[in-house]
1. Got a sec? Which of 121, 161, 104 is surrounded by fewer than 24 Cβ atoms within 10 Å (Cβ to Cβ), over 21 Å from residue 200 (Cβ atoms), at pLDDT 95 or above and within 13 Å of the ligand (Cβ to nearest atom)?
2. If you go through the stretch 273-285 one residue at a time, do you hit one that is buried (at least 18 other Cβ atoms within 10 Å of the Cβ) and assigned to a strand (DSSP E or B)?
3. Could you check residue 113 against (1) in a loop (DSSP other than H, G, I, E, B); (2) away from the ligand (no atom under 13 Å from the Cβ); (3) out of contact with any helix residue (DSSP H, G or I) (no Cβ under 9 Å at 6 or more places or on another chain) and say which number it fails?
4. Just wondering, is there one or more residues in the stretch 15-27 that are at pLDDT 95 or above, outside any loop (DSSP other than H, G, I, E, B), touching a strand residue (DSSP E or B) at 6+ places or on another chain (Cβ under 7 Å) and farther than 30 Å from residue 396 by Cα?
5. Taking the stated definitions as given, is residue 311 surrounded by 17 or more Cβ atoms within 10 Å (Cβ to Cβ), modelled with pLDDT under 95 and either assigned by TED's automatic domain parsing to the domain that holds residue 249 or within 20 Å of residue 425 (Cα to Cα) (or both)?
6. Quick check on residue 328: is it more than 16 Å from the ligand (Cβ to nearest atom), in a loop (DSSP other than H, G, I, E, B) and buried (at least 19 other Cβ atoms within 10 Å of the Cβ)?
7. Condition first: in a helix (DSSP H, G or I), within 26 Å of the chain's Cα centre (by Cα) and either within 16 Å of the ligand (Cβ to nearest atom) or not assigned by TED's automatic domain parsing to the domain that holds residue 175 (or both). Can you find one or more residues in the stretch 209-229 that meet it?
Ligand SMILES: Cc1cc2nc3c(=O)[nH]c(=O)nc-3n(C[C@H](O)[C@H](O)[C@H](O)COP(=O)(O)OP(=O)(O)OC[C@H]3O[C@@H](n4cnc5c(N)ncnc54)[C@H](O)[C@@H]3O)c2cc1C
């Protein structure tokens, strides 16, 4: 540990109550915290210290204590640690501020106030007795911070917009150590900047999110084989580009490979209709695909908690996991070719231990994009007058670090060829979705110059000495 880091930890010890700072000497506690990230790429990093604040005041005290060390000491902000982007929520030899002990949920004035250490599953459980829901992560295990500051797709996004667009107030500790509220009335520029600006502007301690009345939904999974995939893409494009596109739908269409399924790829539709309607017509082309694995079909009317629990899956951690993504227009040829490219490149890594991976399509329907201005704006730079956008997510899990290089190579090759195909057809959308981005994909700059300028202006105002640029280096930064 460098002398400056040791000094910063001593300075923290003077202001922070005993027991909140966990160093490697407390091996059992430190290891269990540091190994609890979704991806081994985050757990590979060893911070000099993990700080577990229990109140917003302790977060503010941290920011004030660390300020004199900016330039010499780095820190990372961690919520649930579910984003696999290396170094976004952990830091080698620095200080990781882990927000897990900031707890609390309160329904007030049509919103739910969510402390930054909660997970979406607890939010949904809290809201269910009130007959309410929010736009939140599709898995119970996802943290609030990553999704609510970097966009965020939910089951309800077609009807309600991005997760960040539904945050009506951010309570945030800025570089001065002040605790500010950012909403439509106070600090409006900070409110908009936090809707896509990630960890560049401060440490959010509470998110107030708009609720809406919501009963059960219809959803689940349908498994089928590869020859039917092009027809499913065509059905998706038809639905999204229809002037009558149904705002209650949410689609995830995948080609997937897992060694436990045998040598062939399989296809999976994860489908949601956000009303308690059995077999709704808008989902019929996808739920009725034939032939399908009937015994694996899970479509049913269920609560949000049940739907998000199904998405959580095996809940492994410390496996090797990475995401990469590209966005394209709703072009059948690009999306079909993209799947073929992914299958071709996959051959090189099929024998990597524990490999599970997918080529997954998720949509930003026009109805979702139109909600941004209705809800007060964001900095993502997606134009609502455009056609729908389809996010192509390459998601890979594997078991063994020795396979890192070749798995990353597979993903990068597939991504590049898909980008080239989309570009050659004039179907590439320059936006990169931060939540699914890998280190070489500068999501921030993909928001466009005007939005980057807006973010830089907010940064200079709320963080004039660049603390969150120089000391909190994970993710994507505003000044290069
Ligand atoms: C099973 C599963 C399901 C998923 N489902 C969805 C989904 O439905 N929709 C979707 O869009 N994505 C989804 N994802 C992607 C994932 O949720 C995101 O990558 C998200 O960023 C994780 O959030 P987190 O808060 O756990 O992030 P962390 O990994 O803890 O942090 C992510 C980034 O956010 C910053 N950050 C976190 N909290 C704060 C805060 N309070 N203040 C300032 N900065 C903060 C961190 O510094 C870091 O850079 C899913 C992932 C998994 C594994």
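The values are calculated or read from the model by the stated rules, or taken from the named source; none is laboratory data. On a predicted model such as this, the values are computed, not experimentally measured, just so you know. Every residue, glycine among them, receives a Cβ derived from its backbone with ideal geometry; neighbour counts consider all protein chains shown.
1. Working: 161 fails: surrounded by fewer than 24 Cβ atoms within 10 Å (Cβ to Cβ); 104 fails: within 13 Å of the ligand (Cβ to nearest atom).
Checking each option against the conditions leaves just 121.
2. Step one: of the stretch 273-285, the residues buried (at least 18 other Cβ atoms within 10 Å of the Cβ) are 273-274, 282-283.
Checking the rest, the ones that are also assigned to a strand (DSSP E or B) come to 273.
Yes, the stretch 273-285 has at least one match.
3. Every listed condition holds for residue 113 apart from (1).
4. Looking through the stretch 15-27, at least one residue is at pLDDT 95 or above, outside any loop (DSSP other than H, G, I, E, B), touching a strand residue (DSSP E or B) at 6+ places or on another chain (Cβ under 7 Å) and farther than 30 Å from residue 396 by Cα.
5. Values: surrounded by 17 or more Cβ atoms within 10 Å (Cβ to Cβ): yes; modelled with pLDDT under 95: yes; either assigned by TED's automatic domain parsing to the domain that holds residue 249 or within 20 Å of residue 425 (Cα to Cα) (or both): yes.
So residue 311 passes the test.
6. Numbers: more than 16 Å from the ligand (Cβ to nearest atom): yes; in a loop (DSSP other than H, G, I, E, B): no; buried (at least 19 other Cβ atoms within 10 Å of the Cβ): yes.
It is false that residue 328 is more than 16 Å from the ligand (Cβ to nearest atom), in a loop (DSSP other than H, G, I, E, B) and buried (at least 19 other Cβ atoms within 10 Å of the Cβ).
7. yes
Residues are listed down the side, and each one gets a yes or a no for (1) touching a helix residue (DSSP H, G or I) at 6+ places or on another chain (Cβ under 9 Å); (2) part of a loop (DSSP other than H, G, I, E, B); (3) within 14 Å of the ligand (Cβ to nearest atom):
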position: 377; (1), (2), (3): yes, yes, no
position: 387; (1), (2), (3): yes, yes, no
position: 391; (1), (2), (3): yes, no, yes
position: 397; (1), (2), (3): no, no, yes
position: 435; (1), (2), (3): yes, no, yes
position: 453; (1), (2), (3): no, no, no
